[in-house]
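Chemist: Just dropping this structure here.
Read-outs: derived from the displayed coordinates by stated rules, not from any lab. Nothing here was measured: the structure is a model prediction, and the numbers come from that model. Note that each Cβ is placed from the backbone with ideal geometry, even for glycine, and that neighbours are counted across all protein chains shown.
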Number of protein chains: 2
Amino acid sequence: MAACDLCDNPGGELLWQDALCRVVRIDEPDYPGFCRVILNRHIKEMTDLNVEDRMRLMDIVFRVEQAVRDVMNPDKINLASFGNVIPHLHWHVIPRFTLDRHFPNAIWGPARRETPAHAIDVHTASKLKNRIQQLLT
Amino acid sequence: MAACDLCDNPGGELLWQDALCRVVRIDEPDYPGFCRVILNRHIKEMTDLNVEDRMRLMDIVFRVEQAVRDVMNPDKINLASFGNVIPHLHWHVIPRFTLDRHFPNAIWGPARRETPAHAIDVHTASKLKNRIQQLLT
């Protein structure tokens, strides 16, 4: 198997993990609070997982969604699982704001406006980590 | 409430429905077999649904994923729920091919190549509808 970045690296700041998967926050200045839920195994599609793991993974994605909503108070949540570049299951949980760089486009689409970089502050990052850990206990 | 296109219209060719949601195939010449799972109620976020409906909706999304894999045999499946333009829960289930118009980019991103339009043929469309109905029975 070719080297896989998500097999070899955490893929962000580790916020929580168990045997199935991990939750990380990625450093994306245009999207503070952007988290990913990454399967620990190298599996390509949700339907390659057994039903139990599949539903448990989604339950974790939705708990992360709830934590991101609670702390970041976004106008919208975007969820996506692509894996076109890295075919290792990972879910994007993205807080969106009507004035963010791409809104209402997908963040992978054309930018709609220039926005000052606004990296997450230490206090908010800490609140997000705590809230995720609280909802995943 | 402002008029909502997904409250007022099926949103594609109706393949299956129940009280919670419907499955449609959309007419997207670059992406034959592109399906959506659309909640019947006007709800914005997955975490606005109760846990039972949330998990049932995902179970349907994954059955559609399986049907799309079985019939279209894609190189990858892309799943996404955005709702930035229409804040009414709907999931995109997109069969991706390494030579499609955007691969490996998201379909909302920059095109990577020109591809001849290749609308789904009647036979394949029928097989997809049958397979979805079979897996959702």
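Chemist: Just the isolated ones, please: cysteines in chain B lacking another cysteine beta carbon under 4.7 angstrom.
Modeler: So, B:Cys21, B:Cys35.
Chemist: With Cβ to Cβ distances under 10 Å as the rule, what net charge do the other residues near A:Asp100 carry (K, R +1; D, E -1)? Intermediate results must be reported in sequence, preceding the final value.
Modeler: Numbers: positive: A:Lys76, A:Arg96, A:Arg101, A:Arg112, A:Arg113; negative: A:Asp30, A:Asp75.
That sum, taken over residues with Cβ under 10 Å, equals +3.
Chemist: Now a separate question. Ignoring solvent entirely, what values of log10 I(q)/I(0) come out of the Debye formula for the protein assembly as shown at 0.07, 0.09, 0.11 Å⁻¹ when each Cα is a single scatterer?
Modeler: -0.24, -0.41, -0.62
Chemist: Quick check: net charge around A:Arg112, other residues with Cβ under 11 Å of its Cβ, Lys/Arg +1 and Asp/Glu -1?
Modeler: Working: positive: A:Arg101, A:Arg113; negative: A:Asp100, A:Glu114.
Every neighbour counted, the sum reads 0.
Chemist: Mind listing P(r) for chain A? All alpha-carbon pairs, 5 Å bins, whole percents.
Modeler: Bin by bin from 0 Å, the calculated values are 2, 10, 20, 23, 19, 15, 8, 3, 0.
Chemist: Go through segment A:5-13 residue by residue and turn each phi into a ³J(HN,Hα) via Karplus (6.51, -1.76, 1.60, θ = phi - 60°); whole Hz please, and just put x for glycine and proline.
Modeler: 4, 8, 7, 8, 9, x, x, x, 6
Chemist: What does the charge dipole of segment B:60-129 about its Cα centre add up to, to the nearest 20 debye, if the Cβ of each Lys and Arg holds +1 and the Cβ of each Asp and Glu holds -1? The partial results should precede the final answer.
Modeler: Numbers: 9 positive and 6 negative charges, 11 e Å.
Charge dipole, segment B:60-129, about its Cα centre: 60 debye, nearest 20.
Chemist: In whole Hz and in residue order, list the ³J(HN,Hα) couplings for segment A:84-89 that follow from phi through the Karplus curve 6.51 cos²θ - 1.76 cosθ + 1.60, θ = phi - 60°; x for Gly and Pro.
Modeler: Listing the rounded values in order: 6, 8, 10, x, 9, 3 Hz.
Chemist: While we're on this one: For helix B:122-135, what angle does its Cα long axis make with the longest principal axis of chain B, in degrees from 0 to 90 and rounded to 10?
Modeler: 40 degrees
Chemist: While we're here: Which value, in debye to the nearest 20, gives the size of the charge dipole of the protein assembly as shown about its Cα centre, when Lys and Arg are +1 and Asp and Glu are -1 at the Cβ? Don't skip to the answer; put the middle values down first.
Modeler: Working: 34 positive and 36 negative charges, 20 e Å.
With only Lys, Arg, Asp and Glu charged at Cβ, the dipole is about 100 debye.
Chemist: In addition: What's the local net charge at B:Lys129, with K and R +1, D and E -1, over the other residues with C-beta under 9 Å away? Provide the component values of the computation, followed by the final result.
Modeler: Working: positive: B:Arg25, B:Lys127, B:Arg131; negative: B:Glu13.
Taking every other residue near B:Lys129 into account, the sum is +2.
Chemist: For the cross-link pairs B:Lys44/B:Lys76; A:Lys129/B:Lys129; A:Lys127/B:Lys76, which exceed 32 Å when the distance is taken from alpha carbon to alpha carbon? Walk me through the numbers before you get to the answer.
Modeler: Numbers: B:Lys44/B:Lys76 27 Å; A:Lys129/B:Lys129 43 Å; A:Lys127/B:Lys76 35 Å.
In this structure, A:Lys129/B:Lys129; A:Lys127/B:Lys76 exceed 32 Å between Cα atoms.
Chemist: Further question on the same structure: For segment A:5-136, with the dipole built from +1 on Lys and Arg beta-carbon atoms and -1 on Asp and Glu ones, taken about the Cα centre, which of A:Trp16, A:Ala111, A:Ile43 lies farthest toward the positive end?
Modeler: Selected residue: A:Ala111.
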